[in-house]
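Please read the structure below before turning to the comments.
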Amino acid sequence: MPRYSENSMTRDGAEMARIAAAAAEHGVHVVLGFSERAGGSLYMSQAFVDDTGRVLSVRRKLKPTHVERSVFGEGDGSDLQVHDTKLGRLGALNCWEHFQPLTKYTMYSLGEQIHVGSWPSFSVYRGGAKALGPEVNTAASLVYAVEGQTFVLAPCGVVGAAAHEVFCDDDVKKQLLLQGGGFARIYGPEGSELAAPLAETEEGLLFADLDFSLIAIAKSAGDPVGHYSRPDVFRLQVNRAATPRIVHSGVERPEPEFEDVDLVTADGA
């Protein structure tokens, strides 16, 4: 744990500055998933960086999943964000946040046009836990695209030989964490797959041209936060306020006010 914490980034540290500088140098937008260190706590975070190298924001996963809660803290309502960028209205969620119906519904209501769904490698417990495998989780990205009528970019981690060396010190662990697990996808708002997938052991980039007219076509069929909703039956109340752990109340004591007086020394000068 100490090693993991030491290698976790801060949102305003030298590592983030290097990533922002690279985004500016190459004129690209970046949505980066990372382990964020803040004080003595860690958070599962995503940073938004625009093509000028400006860090637009950093959001935290609202609720770490299962055993993640033994390592990571929680975000709050302010982390439900969509940003206006040159590419369009850009939002993001982390991993199994894509199985949280109310979280998804809130994001749909914010008018996403491009959604980044950050996923880990789908190589853990591949033999038995189907819920952690590529079939279920790529399906979650596809459903998000169709349900929210948005383009979904779904990057995915890849476990290689170096990760095996760090995390797997016996054959049993090597079977629990297989090499590969990369299943990155790009989906259109009507369910089309827009990029040829890579092999699951291959690191690389997927490219797609996004035709935003597809969003209007998809929403004409079913907009779940618009004409395809029933607010007389169902409503969602969302608290998007930040909830800091520490709030300093009160005001500083003002400096005392003095009247102008003539100072007279003991000798009357």
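The values are calculated or read from the model by the stated rules, or taken from the named source; none is laboratory data. Keep in mind the model is a prediction, meaning the values are calculated, not measured. All Cβ positions, even for glycine, are placed from backbone atoms using ideal geometry, and neighbour counts span all protein chains on display.
Summed over the range 25-37, the residues that are surrounded by 15 or more Cβ atoms within 10 Å (Cβ to Cβ) and either free of Cβ contacts under 8 Å to residues at least 60 places away in the same chain or more than 16 Å from residue 52 (Cβ to Cβ) (or both) give a count of 7. Restricting the range 180-193 to residues that are crowded, with 17+ Cβ neighbours inside 10 Å and of a type outside the set (Gly, Ala, Ser), the residue that is farthest from residue 113 (Cα to Cα) is 183.
Considering (1) in contact with a strand residue (DSSP E or B) (Cβ under 8 Å, 6 or more places away or on another chain); (2) farther than 19 Å from residue 209 by Cα, the lone condition that residue 141 does not fulfil carries the number (2).
This table checks each residue for (1) outside the structural domain of residue 154 (by TED's automatic domain parsing); (2) modelled with pLDDT of 95 or more; (3) outside any strand (DSSP E or B); (4) not basic (Lys, Arg).
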residue: 3; (1), (2), (3), (4): yes, no, yes, no
residue: 11; (1), (2), (3), (4): yes, yes, yes, no
residue: 17; (1), (2), (3), (4): yes, yes, yes, yes
residue: 20; (1), (2), (3), (4): yes, yes, yes, yes
residue: 23; (1), (2), (3), (4): yes, yes, yes, yes
residue: 37; (1), (2), (3), (4): yes, yes, no, no
residue: 44; (1), (2), (3), (4): yes, yes, no, yes
residue: 53; (1), (2), (3), (4): yes, yes, yes, yes
residue: 67; (1), (2), (3), (4): yes, no, yes, yes
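Residues that are under 16 Å from the mean Cα position of the chain (by Cα) and surrounded by 15 or more Cβ atoms within 10 Å (Cβ to Cβ) do not occur anywhere in the range 125-132.
Check whether at least one residue in the range 165-181 is part of a helix (DSSP H, G or I) and under 26 Å from residue 104 (Cβ atoms), and report yes or no.
Filtering the range 165-181 for residues part of a helix (DSSP H, G or I) gives 165-167, 171-176.
Filter once more, keeping what is under 26 Å from residue 104 (Cβ atoms): none.
No, that holds for no residue.
Which residue pairs have Cβ atoms under 8 Å apart, sit 6 or more places apart or on different chains, and have a first residue in the range 179-197 that is under 12 Å from residue 211 (Cα atoms) and without any contact (Cβ under 8 Å) to a residue 24 or more places away in the chain and a second that is crowded, with 17+ Cβ neighbours inside 10 Å and polar (S, T, N, Q)? Every condition considered, no pair remains.
In the set (1) in contact with a helix residue (DSSP H, G or I) (Cβ under 9 Å, 6 or more places away or on another chain); (2) touching a residue at least 12 places away in the same chain (Cβ under 8 Å), residue 94 fails one condition alone, (1). Count of the range 111-142 residues, restricted to those that are part of a helix (DSSP H, G or I) and touching a residue at least 24 places away in the same chain (Cβ under 8 Å), is 6.
Would you confirm, using the coordinates I've provided, whether residue 78 is in a strand (DSSP E or B) and of a type in the set (Ser, Thr, Tyr)? It is false that residue 78 is in a strand (DSSP E or B) and of a type in the set (Ser, Thr, Tyr). When we screen 162, 221, 196, 266 for residues that are closer than 30 Å to residue 148 by Cα and either modelled with pLDDT of 95 or more or loosely packed, with under 10 Cβ neighbours inside 10 Å (or both), the only hit is 196.
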